[in-house]
Amino acid sequence: MHTAIYPGSFDPVTRGHLDIIARAARATDKLIVAVLNNGAKNSLFSVEERVKMLKEELEEIPNIEVRSFNGLLVEFAKQCDAHIVVRGLRAITDFEYELQMAQTNRILDHSIDTFFLTADLEYAYLSSSTVKEVARFGGDISAFVTPAVAERVMEKYTGVSK
Ligand code: PNS
């Protein structure tokens with residue numbers, strides 16, 4: 001059985017993340033979506049909120065588990081008995097950082113391989129930072145995130161919940 005991990009900050013989860021997740025889940029037996037618990041210092045959402053949003057978005061895909069993790073990804077992968085890390089590549093600008101991360105992970109644990117999926121062209125420009133930037137100035141984020149996520153993001157900036 002091939003278990004893969006798709007790690008990230010997901011602050012918040014975008015339509016681009018969801019596309020990579022759906023495609024990765026089709027290619028593996030089990031996909032663990034792993035939310036980095038970075039102490040929520042510079043995050044819009046707490047790790048619990050990010051996990052909850054992902055679980056809601058992904059409840060219809062049976063071979064997905066959403067979990068949070070602390071510390072090194074390779075240690076978490078070992079705990080999950082996963083040897084594949086999935087990452088999305090949007091543009092050449094992602095490549096340097098992703099290559100460095102993949103190689104670091106492989107030095108730390110030689111049994112780990114990173115599989116890259118190229119982002120769908122529709123989402124090639126998209127990042128969680130873009131979502132927050134547009135939302136902060138009251139812009140329409142419906143092209144970037146699902147309605148449920150958009151509602152949560154707007155709540156954060158306006159303090160108003162529907
Ligand atoms: O969504 P992001 O912020 O690009 O995800 C980055 C993430 C969470 C994959 C990366 O920061 C990570 O794996 N952090 C855990 C710490 C770690 O293992 N670092 C060593 C690899 S450089």
Next item on the list: Holding the Cα-Cα limit at 19 Å, pick out from LYS52/LYS156; LYS55/LYS132; LYS132/LYS156 the pairs that are longer than that.
Entry: LYS55/LYS132
Item checked: Given charges at beta-carbon only (K, R positive; D, E negative), |dipole| of segment 10-113 in Debye -> 80
Note to self: Given a 10 angstrom Cα cut-off, can you work out which residue in LEU36, LEU54, LEU108 is the most mobile in a GNM of the chain?
What the structure shows: LEU108
Notebook entry, point to check: Picking from ASN70, ASN37, ASN105, which is most flexible by a Gaussian network model of the chain using Cα springs under 10 Å?
Noted result: ASN70
Item checked: Histogram of C-alpha separations across segment 86-138, 10 Å bin width, % -> 22, 39, 27, 10, 1
Next item on the list: Please list, in chain and number order, the residues 5+ apart from GLY88 or on another chain whose amide H is under 5 Å from its amide H, with Hs placed from the backbone.
Entry: LEU117
Next item on the list: Starting from the Cα of SER129, step 7 Å along the direction of its Cβ; do the same at PHE95; then give the gap between the two resulting points in nm.
Entry: 2.0
Notebook entry, point to check: Please state the relative contact order of segment 33-150 as a whole percent: Cα pairs under 8 Å, 6+ residues apart?
Noted result: 20
Check: In degrees, nearest 10, range 0 to 90: what is the angle between the Cα axis of helix 15-27 and the longest Cα principal axis of the chain?
Finding: 30
Item checked: Whether segment 3-124 is rounded, prolate or oblate, judged on the alpha carbon gyration tensor where a/c under 1.5 counts as rounded -> rounded
Notebook entry, point to check: With axes computed from alpha carbons, what is the tilt in degrees of helix 147-158 against the longest principal axis of the chain, rounded to the nearest 10 within 0 to 90?
Noted result: 60
Next item on the list: Mind sorting THR14, THR93 by how few other Cβ atoms lie within 10 Å of their own Cβ, fewest first?
Entry: THR93, THR14
Margin query: I want to make sure I understand the PRE zone here: with the label point 7 angstrom from the Cα of GLN79 toward its beta carbon, which residues in segment 37-66 have backbone N atoms less than 12 Å away?
Written below: 37
Check: With r defined as the distance between the Cβ atoms of GLU59 and ASP109 and R0 fixed at 22 Å, what FRET efficiency is calculated, to the nearest 0.05?
Finding: 0.10
Note to self: Using alpha carbons only, how many angstrom separate the centre of segment 1-62 from the centre of segment 79-146?
What the structure shows: 11
Next item on the list: Collect residues whose amide H, placed 1.01 Å from N in the peptide plane, falls under 5 Å from the amide H of VAL33; neighbours closer than 5 in sequence don't count.
Entry: TYR6, GLU65, VAL66, ARG67
Check: ASN70 to ARG136: extension gain in nm, 0.36 nm per residue of separation minus the Cα-Cα distance?
Finding: 20.9 nm
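Taken together, the values in this text are just the output of simple stated rules run on the coordinates, not laboratory data. Just so you know, these numbers come straight off a predicted model, no measurement behind them. A quick note on method: Cβ atoms are made from the backbone with ideal geometry, for glycine too, and the neighbour counts reach across all protein chains shown.
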